[in-house]
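Here the structure is laid out as structure tokens; the discussion comes afterwards.
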Amino acid sequence: MTTTFNFGDRVRHPARPEWGEAVVTSSQGVTHEGKPCQRLTLRFDRAGIKTILTSVVALELAADGAPDTPANGHTNGQAPAGDHAPGSWLAEAAALPPEQMFARLPEATRDRFDTLEDRLKATLLLYRFSDQGAALLDWAAMQTGMADPLSKFSRHELEQYFLRFADQRADHLRTLLAEAAKKDPDLPARLLKTTPHMPAAAAAAVKNPRARR
């Protein structure tokens, strides 16, 4: 079923969790490549204003899709409680010590019910994060669900935590590349060419998967 989004709905971009939740500020019915969809203007907690076609991005309702709450209405930088519902990935991560929480790879990279292609794509897209500047804060926001990770952790702490995450990311990529070498040797190259917004660092990681950053 196709979800219809309305003014005030809170949504998430599944491929960009570091952007936080967004509020639908306008919705317009349009046709894209011959199919009806919506053109949404969204105000993300961390990424500002974005315009997205629902035929291109499969947005998800946040929590119960409740109407708008203030974009800065988080408590101490924490994401809304719906992000931490029992059994959710963020709820499980929040229960871990910081060292483990920050090292944890997203479920999309590890779910054995997903295809190797999906797991490898999700892993390669993690190379948009680094220990530099905004990319570091985006990564910390993804790992914690916090709108402002610096409200709880220093930049130095985040840089140190990122090193462990980068090790986990590289180890996992090596495992997936070994699996691809047996099942579909051309898969990594195809993903690098055909995946929109593939980070440049992903190609370097495939070429040298033992590199940590």
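Only the coordinates and a few stated rules stand behind these numbers; no lab work does. Small disclaimer: the values here were computed from a predicted structure and weren't measured. Here Cβ is always computed from backbone atoms with ideal geometry, including for glycine, and neighbour counts include all displayed protein chains.
At-a-glance table
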item: Region 10-61 shape via C-alpha gyration tensor axes, a/c threshold 1.5; result: prolate
item: Contour minus Cα-Cα distance for F113 and E179 (0.36 nm per residue); result: 22.3 nm
item: Efficiency of FRET between A200 and L163 - r from beta-carbon atoms, R0 22 angstrom, step 0.05; result: 0.60
item: R0 of 41 Å, Cβ-Cβ distance S130-T31: FRET efficiency to nearest 0.05; result: 0.60
